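Throughout, read-outs are computed from the coordinates displayed, never taken from laboratory work. Keep in mind that what you see is a predicted model, and the values were worked out from it rather than measured. We place every Cβ from the backbone using ideal geometry, glycine too, and count neighbours over all the protein chains shown.
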Amino acid sequence: MTAAHWTDRGWVRIAAPAALGVAALALWEVGVRALEIQPYLLPAPSAILAQLQAAIAGVAQAALATGRNALVGLLLGAVVAVVVAALAARVRWLDQVVAPLVAAIAVVPIVALAPVLQTMYGATSEMPRIIVVAIASFVPVFITTLRGLRQVRPVHRDLMRAYGASGWQATRMVTMPGAVPFVFAGLTIASSVAVISAIVAEYFGGLQNGLGSRIASAAAQSGYARAWAYVVAAIALGLIFYTVTLLLERLASRWARIPVG
Amino acid sequence: MSAVEVADVTKVFETKAGRAASTVRALDAVSLTVAEGEFVALIGPSGCGKSTLMRLIADLDEPSAGEVRVFGMPARQARLERAYGIAFQQSGLLPWRTVRANVELPLQLHGASAADRRARADELIELVGLAEFADRHPDQLSGGMQQRVAIARALAEHPRLLLMDEPFGALDEMTRERLQGELLRIRAETGAAVVFVTHSIPEAVFLADRVVVMSPRPGRITDVVEVERAPVASAADDAVRETDAFFRSVSAVREALHGRQGATPRAAPRGAEAR
């Protein structure tokens, strides 16, 4: 038996990136102090941490507000994407109508829609942000789901025909379960996109309750370390979304990952 | 009544190579009869139409001309009445279903109750010797085991006809020989007729009562070799592979396969005669 590579051990896989992160932070701290870098260029990690501790309640509240928009928008976009993809996979003319539209949506800088929607819904509504997130999340989920639904292997198609299965039976038993990993691949991408677009959409006015608006206003008031504290919260929020989606993916497609025992 | 009756069947495929559309005659006026309970192997080089012929019997494709009847019914009706079980070179198991759920699939599609499904699936899983793997997923099984699950699934509805398209083609030689023995045992227990596509001469001779030899461009039946059976304890016995009768049949099939490509074609191959 050959020894496993040292990077394959469980604790190394956690400890190694953690050590790298700590080292980078230490280098950052030392660098800022030694070179006397001004806070408006780059505040020291210790200053950011102090701000984070001081304003933890406000940071958490802002993260919650942004997180809520991101979650609602993500779910909305993903559900619509799966339904439309399922229809497009079955109805040829619908596919031909939808495909160019999705291509157009994919290239539109969606956050740029935020000011337009802001005027439509008024400055006190969360709807513009939710819609921006939903549109941004829709695209990756739609594309991967449609691909997954088209991925039916010829042998499975033959098998369903041999059994005289109805179109709906074939969809339910073969096509949809086979597309699940593809849906989650799209969701994994969409989860980060959702958080990013929720934050950026806040830069265009409206309610001042989320991470994006706090980052903007802290920076405008020269509270650079405070702005960075909100950025840290934004990173954490993005990671939470991403990890949860990954976990859900693992749960939904256990069969595809079970190691040969 | 015969299990399969193929009468004067021609299958032409339209292919688009670049801009020019051309046609390929995959099968040219092929006739074949398989008796109930008979084991027939289809053998020939690639492109000879042996898989196409099996697909026409299964009604996975439709003939361009001629007629296919299965147990006296048109192929389409036979398919809808689940007259046959089928297995392919790829096991075609659904990876998100356990072994048991995969075997249950045809029963589930045809509305059997959960209890009946389970009872039948367990019986079949036992038959193919995978009882302890019933709750595993296909990815956890070896290729040979996956193929055994596929065979169990093909047997789910007590078919009197089994259609098999190179089911052991992707397996190693040892697994292959073991599964061949198992297939003969299962076939003896069920009494089903079998149409078995293969490109292995020893496999065809070991399994089949009759070996149908085909040639490509256009796909035709060139010869039919009746397999000599040596008197051994059981047909599934590996000792069969060592008998003179086995070797004689292997030679006969080989000559039928290669003889045609020699300078002088055989005077009157049986397939041609039949036309």
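The phi torsions of segment B:251-256, fed into the Karplus equation with coefficients 6.51, -1.76 and 1.60 and a -60° offset, translate into couplings of 4, 4, 5, 4, 4, 5 Hz, rounded to whole numbers, with Gly and Pro shown as x.
Across segment B:91-107, rounded Karplus estimates of 3J(HN,Hα) from the backbone phi angles (6.51 cos²θ - 1.76 cosθ + 1.60, θ = phi - 60°) give 4, x, 6, 7, x, 8, 9, 5, 3, 4, 5, 5, 5, 6, 3, x, 5 Hz, Gly and Pro being marked x. Under the membrane-span-like helix rule (DSSP H runs whose alpha carbons stretch at least 15 Å along the helix axis, mean Kyte-Doolittle hydropathy 0.0 or higher), chain A yields A:10-34, A:56-90, A:92-107, A:127-149, A:176-201, A:224-252.
With neighbour counts taken as other beta-carbon atoms within 10 Å, the residues A:Trp228, A:Trp168 rank, fewest first, as A:Trp168, A:Trp228. Solvent-free Debye calculation, one equal scatterer per alpha-carbon of chain A: log10 I(q)/I(0) at 0.07, 0.09, 0.17 Å⁻¹ equals -0.36, -0.57, -1.24.
Considering only B:Thr33, A:Tyr163, A:Ala229, and ranking their Cα positions along the charge dipole of the protein assembly as shown that arises from unit charges at the beta-carbon of Lys, Arg, Asp and Glu, the one farthest toward the positive end is A:Ala229. Note on the protein assembly as shown: Cα-Cα pairs beyond 45 Å make up 39% of the total pair count.
Its DSSP H runs of at least 4 residues, each contributing -39,500 (n - 2.57), put the calculated 222 nm mean residue ellipticity of chain B at -10500 deg cm²/dmol, to the nearest 500.
With the largest listed first and rounded to whole Å, the semi-axes of the equivalent ellipsoid of segment B:90-158 from the Cα gyration tensor are 17, 12, 11.
Each helix, a run of at least 4 DSSP H residues, gives -39500 (n - 2.57); summed and divided by the residues of chain A, these come to -25000 deg cm²/dmol at 222 nm. Ordered by the count of other Cβ atoms within 10 Å of each Cβ, fewest first, B:Glu81, B:Glu5, B:Glu166 give B:Glu81, B:Glu5, B:Glu166. Sorted on the mean count of surrounding Cβ atoms within 10 Å across their residues, most packed first, peptides B:67-75, B:54-62 read B:54-62, B:67-75.
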